[in-house]
Amino acid sequence: MLTGWLDDWLDLTLGGACVSCGAPGRLLCPACRGALPVDARRVVPEPCPAGLVPAFAAAEYADPVRRMILLHKERRVFALAQPLGLTLVAPVRAGLVSGGRTLLVPVPSRPAVVRARGHDPVLRMVRVAAVALRAGGADVVVCRLLRQRDVVADQAGLTAQERAVNLAGRMVVRAGGLRRIARTGRPVTAVVCDDVITTGSTAREAQRALEDVGLPVAAIGCVAATRKRVPLA
Ligand SMILES: [Zn+2]
């Protein structure tokens with residue numbers, strides 16, 4: 001089995017080598033850590049879902065970031081949450097509106113996927129990003145407002161249109177989270193956060209769910225964007 005071989009290989013290589021360049025030593029050597037993106041660029045899916053708020057990403061979905069995202073998500077290499085979370089800082093910051101508090105809302109995985117993985121990788125990254133943003137003076141809080149119903153089929157292999165149909169109405173806002181926000185009486189906006197933006201349909205569905213309960217969504221912030229995006233200068 002290829003996956004078995006991959007697991008064996010990863011177990012060997014993760015035992016004291018950089019996940020990016022393979023240099024012996026740390027999980028991410030200082031040079032590769034220093035080479036991670038610290039800026040954000042606007043990305044526009046092609047075709048772009050109607051009404052999608054501005055989306056920002058730090059990197060193209062390619063190695064080493066792709067490899068880090070997968071190792072963190074699928075192989076539970078939790079130490080990568082820190083560098084990945086820091087790459088999310090610039091895309092989220094790009095979407096902040098001045099004044100008021102911003103809720104960083106992670107795109108939820110399906111409950112069955114979270115159970116299978118045993119963790120929520122996007123939430124983990126967003127928490128890291130929030131700490132860094134607050135240290136820089138931004139008024140942000142992580143808010144797990146969304147949950148995804150379990151009936152959504154796997155998105156892989158679907159066209160953009162099929163994804164949109166598959167996702168329509170699938171994300172719901174947690175009532176408890178919404179009540180807590182309402183109690184503060186403060187104006188808030190939301191930035192939807194995810195690891196990878198592909199067609200934008202997942203982000204759009206998250207945006208729809210939040211807007212449907214009256215929460216303004218300022219932007220989408222992602223670690224990486226797949227190559228089909230059209231970068232805007
Ligand atoms: Zn390295």
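The values are calculated or read from the model by the stated rules, or taken from the named source; none is laboratory data. Everything quoted here is computed from the prediction, not taken from an experiment. With ideal geometry, Cβ positions are generated from the backbone for all residues, glycine too; neighbour counts draw on all protein chains shown. Calculation scope for accessible area: heavy atoms of the full protein, side chains included, ligands and nucleic acids excluded. Shrake-Rupley method; radii C 1.70, N 1.55, O 1.52, S 1.80 Å.
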- Task: Could you compute the FRET efficiency for Ala156 and Arg76, with r as their C-beta to C-beta distance and R0 at 22 Å, rounded to 0.05?
- Result: 0.60
- Message: Need one number: nm distance between label points at Arg186 and Arg26, each 7 Å from Cα along Cα→Cβ, rounded to one decimal.
- Response: 3.3 nm
- Any idea what the dipole of segment 167-228 comes to, in debye rounded to 20, about its Cα centre with Lys/Arg Cβ at +1 and Asp/Glu Cβ at -1? 160 debye
- In whole percent, how big is the carbon plus sulfur part of the accessible area of segment 89-233, probe 1.4 Å, protein atoms only? 53 percent
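Hey, what did segment 56-151 get for relative contact order, percent, Cα under 8 Å, at least 6 apart?
It comes to 33 percent, rounded to a whole number.
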- Message: From the helices alone, meaning DSSP H stretches of at least four residues, give me the mean residue ellipticity at 222 nm for the chain, per-run term -39500 (n - 2.57), in deg cm²/dmol to the nearest 500.
- Response: -11500 deg cm²/dmol
- Task: Please give the per residue accessible area of segment 168-233, computed with a probe of 1.4 Å over protein heavy atoms only, in Å².
- Result: 44 Å²
- Mean separation of Cα contacts under 8 Å, 6 or more apart, over the residue count of the chain: relative contact order %: 28 percent
- Note on the structure: Given a 1.4 Å probe, the accessible area of segment 29-164 per residue, as a whole number of Å², is 46 Å²
- Task: Give, in nm to one decimal, the length gained when the segment between His119 and Arg134 is fully stretched (0.36 nm per residue of separation minus the Cα-Cα distance).
- Result: 3.0 nm
- About its Cα centre, how strong a charge dipole does the chain have in debye, to the nearest 20, once Lys and Arg get +1 and Asp and Glu get -1 at the Cβ? 740 debye
- Among Leu96, Leu178, Gln148, the residue whose Cα sits farthest towards the positive end of the charge dipole of the chain, when +1 is placed on the Cβ of each Lys and Arg and -1 on the Cβ of each Asp and Glu, is Leu178
- Relative pair counts by distance (%), Cα atoms of the chain, 10 Å bins: 8, 32, 37, 18, 4, 0
- In Hz, Karplus ³J(HN,Hα) per residue of segment 44-49 (6.51, -1.76, 1.60; θ = phi - 60°; x = Gly, Pro): 10, x, 10, x, 8, x
- Item | Amide H contacts of Ala225 (H built 1.01 Å from N, under 5 Å, at least 5 apart or other chain) | Ala59, Glu60, Tyr61, Ile197
